[in-house]
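Below you'll find the structure, written out as structure tokens, and then a few comments.
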């Protein structure tokens, strides 16, 4: 049984250290609650080995192991961590339910078209349909961002204060930087910058970058 | 404040009453816990009106309203309902965290390629790339189903007993019926049938079908 939680991440992240992989969400959450952790870096072959599949049936990262509990899915890990930490999930049941609602919205409504867009740049770049289909996906992403921007309005966060829902949404929206889509929604650009400006995010990103640099050098 | 919870659903579901829309997940959960509810049916124009956008910022269904709390995202609604009902979420914290992990896996790992596959049959059927891209998506779906089938093994459910995680996964997998993909995984076909065989599922589906028939006739 590990005393300090163990989180898994990419040994060589496809994003070259920009912190777009899903382990950053867990690292960020652990930094928000002040919980020390260690990171186990895996290469793609190790992710498909039986030892890792026992932790994560889909052979992905991140996973979380602590005190005999093993979890996969960043949303589930954040929800578990948030049970005892109001900085992630408010104590009031209604406020907590609304924070959880934004966590689900992040991964099941906002992220899928963004993930498809990112994935297509890897898997479909050489197909004859790449350009036309990316424009269709950009349209779907813009529709979602427009609704999200309307709901955020002039607020700093989606509910009364920062929650794990914002942590997930900011993490999902970061994937869009530089693609000329989110840049049409200045309120959302500021929202992402607000999330990235949190000291806990900065610590998580710096740790992840140091590991990426070490892996690059090694 | 509504005494009986109000759930929103499609007035005319694109699936013609097969219960593939996300409101069925909430209806099924409410039937599992024996909570009476009423359904407010919306057409596509009503879903984009300010009154509904106040409930659901992305203009979709389902929503859930009860005792002054308004929620969207089926996962968040199930998690809220499961707090007080062990038939959805076990009381033991570790078992509960694992059930929640399967809820997130359902909507953020298993559903996205399945949803893309369904969506493409609507939005991309007339594109020149439709057939070739559907085969790529089918390959991504098969990879996920293979892992899920391995984890399920000979078990009836993914953990010790039925949870909201199974409810979400069965609901997601039902979208695949008849496409010649899930049929390659007999263990998963049996798993879906096991979920569909639950009396609570049958009651939810029958209610949804009766409404679809009435809307068709009306």
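All of the numbers you see were taken from the coordinates with simple rules; none came from a lab. Keep in mind that this is a model prediction, so the values were computed, not measured. Note: ideal-geometry Cβ built from the backbone for every residue, glycine included; neighbour counts use all protein chains shown.
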Please list, by residue number, everything in region A:57-97 whose backbone N is under 20 Å from a paramagnetic label point 7 Å out along Cα→Cβ of residue B:70.
A:93-97
Hey, can you rank B:52-62, A:50-60 by average C-beta count inside 10 Å, highest first?
B:52-62, A:50-60
Anyone know which of B:157, B:28, B:129 comes out most mobile in the 10 Å Cα GNM of chain B?
B:129
Of the residues B:37, B:64, B:191, which exhibits the maximal mean-square fluctuation in a Gaussian network model of chain B defined by a 10 Å Cα contact cut-off?
B:37
Per-copy distances of the residue A:216 label point, shortest first, in nm (7 angstrom along Cα→Cβ):
5.9
If the label for residue B:160 sits 7 angstrom from Cα along the Cα-to-Cβ line, what are its distances to the same label in every other copy, in nm to one decimal, shortest first?
3.7
Simple label model, 7 Å out from Cα along Cβ direction - residue A:91 to residue B:179, nm:
4.6
With label points built 7 Å along Cα→Cβ from the Cα atoms of residue B:217 and residue A:154, find their separation and express it in nm.
5.2
If each label sits 7 angstrom from Cα along the C-beta direction, how far apart, in nm, is residue B:16 from its counterparts in the other copies?
5.0
Taking Cα pairs under 8 Å and at least six residues apart, what relative contact order does chain A come out at, in percent?
27
Which whole number gives the average count of other chain Cβ atoms within 10 Å of the Cβ atoms across peptide B:75-87?
3
For region B:93-196 the mean separation of alpha carbon contacts under 8 Å (6+ apart) over residue count, i.e. relative contact order in percent, is 38
